[in-house]
1. Which ones in the range 219-249 are surrounded by 18 or more Cβ atoms within 10 Å (Cβ to Cβ) and either on the phi > 0 side of the Ramachandran plot or part of a loop (DSSP other than H, G, I, E, B) (or both)?
2. Of the residues Ser48, Ser81, which single one is within 16 Å of ligand 1 (Cβ to nearest atom), at pLDDT 90 or above and not hydrophobic (A, V, I, L, M, F, W, C)?
3. Within the range 77-95, which residues are part of a helix (DSSP H, G or I) and either surrounded by 14 or more Cβ atoms within 10 Å (Cβ to Cβ) or within 11 Å of ligand 2 (Cβ to nearest atom) (or both)?
4. Does Glu54 count as out of contact with any Gly (no Cβ under 7 Å at 6 or more places or on another chain), under 23 Å from Pro222 (Cβ atoms) and within 16 Å of ligand 2 (Cβ to nearest atom)?
5. Given the criterion within 16 Å of ligand 1 (Cβ to nearest atom), in the same structural domain as Tyr239 (by TED's automatic domain parsing), over 20 Å from the mean Cα position of the chain (by Cα) and surrounded by 13 or more Cβ atoms within 10 Å (Cβ to Cβ), identify the matching residue among Leu69, Leu98, Leu104.
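The values are calculated or read from the model by the stated rules, or taken from the named source; none is laboratory data. Not measured: the values here are computed from a predicted model. Note that we place each Cβ from the backbone using ideal geometry, even for glycine, and neighbour counts take in every protein chain shown.
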Amino acid sequence: MATLLPEAFPLVRVEERAGRGRCLVAACDVPAGALLFCSRALGAFPASDSLCHECWRAGGPAEEGGVPLQRCAACKTPYCSSACQKAAWPGHKGECKLLRAFKLRDSPVPPHVWVPLLLSLRMYAAAPPGGAPPPRGPPGAPFCATLADVHSLTVVRRSEDAAAPPHAIAQAIVALGRRLELLPPAGALDDARAVRDQLAFDANNFSLTNETIEPVGYGVYPAAALMNHGCAPNVVLSYAFAAGGAPPGAPPTTQLVRALVPLRAGDELVHSYVDPTKTADERRAELRARYDFDCACGVCAAEAAAEAAAEAAAAAAAPAARAEDSDDAKRARLMVAQSR
Ligand SMILES: [Zn+2]
Ligand SMILES: [Zn+2]
Ligand SMILES: [Zn+2]
C-alpha cells in the first residue's frame, strides 16, 4: 500500500509495527503546528442542515458571518446560492431521490443510519469502481486517495462478525441502494464488496468539525484513517471550510493534519477517536462499543495503575473497617444485654 501516503508530504511515512498494525510515523523531527499532510475527502456528507451542502459555508444572519440558505424544492437540502445548488446537482440527483422517497429529513430514522449510504454514494461518485484513479496532483496538493486505499482500510473485528449489528445495517443499506438503483451496477460492485466498503466507511469515518470544533458532517480520508487512537493525541485535525490553511483551489472538505506537539523522528502519529476530555471510564466504554478495542495507551496505562493502587489501598483498609463494624456489633450487643 505504497500509494496510501502522498510522496508530496515527506514529513510522514507509513510503517507496519508489531502490535500496532499499519500506522503513520513522523519521518523526521517536526515542530508543533507543522502541517504533516492534507488530503481530499473521497466522500464527505454534511450532517447539519444549517450549512451549504456544496461549499460547507454556515448559514445564518449576515451579522454573525452566515449566509442565507435556500433549499432544494424536492428534498430540502440547503445551499447558499443557485451556483452551489447547480454545482451539487450531478452528485445530488441520486441522493435527492432517496431523501424524497423516504422523507428522510422528516423521518424518525436517525441520520447515522442513512448518512452512511449517502456518503458511500458520494464516494462511488468520486472514485467509481473500475474507473481511473484520481490524479495525484502536484507536490503539496492535497493527497487524493483511491478506491483501493479505502478497500485496504481495517474493518473493526466486531463488524466482521456477520451477526453483529454493523454488518446487518451495512447489508440493509446495500439492499436499499440496490432497490433504488443508486449503487454502481452489480457487475462493477458486487454485494459482498459493497457491504465490505460500507463497513470500512463505518469504522474509518471522520467527524468534520467547524471552527468551534462542533461535528457538522462525516468524511472518508483513507490516509488519516491509518492513524491509531491515543488518549493523548499528538496531531490535530482541521478542515479547510472551517479553518483554512489548505493550498489554493483545494475543496472545502480538505482535511489538514498538523503536529499538536513537537514530534521526534519515528514517533507514531495518534489522534483521539473519542472526545479526549471525557473521563477514562467514558472513553474506554465508547472505544469498546464503537471500535471494539480496549485502549492501552500511556494515559490509560497510568490511569489503570492509579486505579489498581487505589483498589489495593481500599482492600488493605477493608479488614480494619470490618473490625470496626464488628466492634460496633459488640457494643450493640452489649447495649442490648445491659438493657435487659
Ligand atoms: Zn455554497
Ligand atoms: Zn434534493
Ligand atoms: Zn487510552
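1. Hits for the range 219-249 are Tyr221, Pro222, Ala223, Met227, Gly230, Cys231, Pro233, Asn234, Ala246.
2. Checking each option against the conditions leaves just Ser81.
3. Passing the criteria: Cys84, Gln85, Ala87, Ala88, Trp89, Gly91, His92, Lys93, Gly94, Glu95.
4. Spelling it out, Glu54 is indeed out of contact with any Gly (no Cβ under 7 Å at 6 or more places or on another chain), under 23 Å from Pro222 (Cβ atoms) and within 16 Å of ligand 2 (Cβ to nearest atom).
5. Unique residue meeting the criteria: Leu69.
Here's the yes/no breakdown for (1) at pLDDT below 85; (2) within 30 Å of Arg264 (Cα to Cα):
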| site | (1), (2) |
| --- | --- |
| Ala32 | no, yes |
| Cys38 | no, yes |
| Gly59 | no, no |
| Arg71 | no, no |
| Ala74 | no, no |
| His92 | no, no |
| Asp106 | yes, no |
